[in-house]
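The values are calculated or read from the model by the stated rules, or taken from the named source; none is laboratory data. None of these values were measured; they are calculated from a predicted model. A quick note on method: Cβ atoms are made from the backbone with ideal geometry, for glycine too, and the neighbour counts reach across all protein chains shown. Calculation scope for accessible area: heavy atoms of the full protein, side chains included, ligands and nucleic acids excluded. Shrake-Rupley method; radii C 1.70, N 1.55, O 1.52, S 1.80 Å.
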Amino acid sequence: MKKTPGVAAPEAPLRLRINDLAAGGRGVARAPDGRVVFVAGALPGELVQAQVTRARRQYYQACTLAVLEPAGSRVAPACELYGRCGGCDLMHLAVEAQNQAKAAWVAAALQRLGRPPQAELIASPRSLGYRNRLRLQVQGGRLGFFAPDSHDLVELARCPVAAPAINRLLPSLADELRGLKDRQLTGVELLAGQGTDSPVFLTLRLARGTRLSPGRHNRLQGLAHRAGAAGARVAVGGRVRSWPLDPQHGVVYHEGPPAMWAFPGVFCQVNFGLNRRLVQVVRSAVREAEPGAVLDLYAGSGNFTFPLAADGRQVVAVEAAGAAVDAARFHGRRSGLASRVRLVLGDAARAARDLAGEGEPLAAVVLDPPRAGAKPVMPALAELRPGRVVYVSCHAAALARDAGMLVRAGYTMERLWVLDQFPQTGHVESVLVLRRE
């Protein structure tokens, strides 16, 4: 058990009545000494026996040992490894209740900015078998997820949230890895389409500083093909080797128009089915903006860029990852929309400041930053003064922090969607539209 110096923690299990569900999915209770306890695996209304696993001055963290009085929303997890594997953390809660909880978390995060719009809730088309992109760890030839709050590997050869084609490949991939004597291979990412017969592409991740000799590269490629993969891209310390960008070396994630492809080693949303709805939401939000150009920050390979261009917008798309910009160029050529898109390889905050200095008028800004949010971008957005800001977020607290800067600059929260991009987990995707007064 992890402790803070000077903080005594109960050694014996606690009987706790759970009164709330915190953002991220832990139950909330009060310990006999008055501290808040965040309890993994517990649901509101339940009486549980829990063991404190971490002590802090203001709160404890605990895990559920036994559910003495279960909530009506509790369900049997669909995975035999649930609780041991760190991949999912809400599989014990009914999917409908997961959706409602996630909407409540986003609304609570935005509440301090004023009364947020009523959230429009969009469920995932699938609550299992939805992940088209799955990243796993490799340790000593073993394949799996880390256990919760640990680097202990939990081996697996099947994952209920993975797309069918990925599950088709996992047993043979696990077998091949057991015979591999390459200790520098630290992880593998699998990418597949929705169909059971979809090709599966791998990204094999080597530790930083690894020497990728031709022999090692060939061994890794051979492993991937023997496992049944359509191809494998190798990444060393996060830098990916070159890859042919064409329809035969990727999978369709957006049927179109315009059609869009996902490629191994290039970021894409994990849930292709819900991503289609996400793109529809962003397109509808931008259609309500005045005529004019759109700035797409953290644009990736063009998930929003090219659909917005297909709607007739001129789009400036900014992305820091060179592999993603290469994929965006492919999409521009393939869709015939390259003339409507200006691709910028670079930092989002710097690009926004440069555009603000140029005084280019913008009808809307779309941004989909990583989990940490886009705090460095906000001052430039306030200076750019677009009519609308469409903020796509996977972390409600970061969204609230950044949106607060725009509210103070004269923007009003106009519309809010909450999308269950990650069923069975405590993660949530949201889209907030802010309108300039």
Tell me yes or no: at least one residue of the stretch 197-209 is of a type in the set (S, T, Y) and out of contact with any Phe, Trp or Tyr (no Cβ under 8 Å at 6 or more places or on another chain). yes
What number of residues in the stretch 32-67 are open to solvent by 10 Å² or more (accessible area, probe 1.4 Å) and hydrophobic (A, V, I, L, M, F, W, C)? 8
Filter the stretch 79-119 for residues that are within 27 Å of A400 (Cβ to Cβ) and open to solvent by 60 Å² or more (accessible area, probe 1.4 Å) and give the result. D89, E96, Q100, A108, Q111, R112, R115, Q118
Might you check whether a residue that is over 19 Å from H427 (Cα atoms), among the charged types (D, E, K, R) and open to solvent by 60 Å² or more (accessible area, probe 1.4 Å) occurs anywhere in the stretch 70-78? no
Output for the stretch 323-342, where each listed residue is buried (at least 20 other Cβ atoms within 10 Å of the Cβ), of a type outside the set (A, V, I, L, M, F, W, C) and under 22 Å from R241 (Cβ atoms): H331
It is to be established whether one or more residues within the stretch 173-184 are in contact with a Lys or Arg (Cβ under 9 Å, 6 or more places away or on another chain), open to solvent by less than 10 Å² (accessible area, probe 1.4 Å), under 17 Å from H249 (Cβ atoms) and among the hydrophobic types (A, V, I, L, M, F, W, C). no
Give all pairs with beta carbons closer than 8 Å in which a residue from the stretch 161-172 that is over 26 Å from V95 (Cα atoms) meets a residue that is open to solvent by 10 Å² or more (accessible area, probe 1.4 Å) and in a helix (DSSP H, G or I); count only pairs at least 6 apart in sequence or on separate chains. S172/R226
Looking at R57 and the list (1) more than 22 Å from the chain's Cα centre (by Cα); (2) at positive phi, which single condition is not satisfied? (2)
Residue list for the stretch 332-342, restricted to those being of a type in the set (G, A, S) and either touching a helix residue (DSSP H, G or I) at 6+ places or on another chain (Cβ under 6 Å) or outside any helix (DSSP H, G or I) (or both): G332, S335, G336, A338
Which pairs have Cβ atoms under 8 Å, sit 6 or more apart or on different chains, and link a residue in the stretch 15-33 that is within 21 Å of G86 (Cβ to Cβ) to one that is among the polar types (S, T, N, Q)? G25/T425; R26/Q61; G27/T64; V28/N19
I need a count of the residues in the stretch 35-57 that are small (G, A, S) and in contact (Cβ under 8 Å) with a residue 40 or more places away in the chain. 3
Given the residues E383, E414, E360, E437, which is the only one that is of a type in the set (D, E, K, R), touching an Asp or Glu at 6+ places or on another chain (Cβ under 9 Å) and either in contact (Cβ under 8 Å) with a residue 24 or more places away in the chain or on the phi > 0 side of the Ramachandran plot (or both)? E414
Contacts under 7 angstrom Cβ, first residue in the stretch 216-235 being in contact (Cβ under 8 Å) with a residue 60 or more places away in the chain, partner open to solvent by 20 Å² or more (accessible area, probe 1.4 Å) and assigned to a helix (DSSP H, G or I), 6 or more apart: G228/S172
Take A352 and tell me if it is touching a residue at least 40 places away in the same chain (Cβ under 8 Å), under 15 Å from C268 (Cα atoms) and within 26 Å of the chain's Cα centre (by Cα). no
From the residues in the stretch 196-215 that are open to solvent by less than 40 Å² (accessible area, probe 1.4 Å), without any contact (Cβ under 8 Å) to a residue 60 or more places away in the chain and not in a helix (DSSP H, G or I), which one is farthest from R131 (Cα to Cα)? S213
Can you pull out every residue in the stretch 65-115 that is under 13 Å from S127 (Cβ atoms) and touching a helix residue (DSSP H, G or I) at 6+ places or on another chain (Cβ under 8 Å)? L90, L93
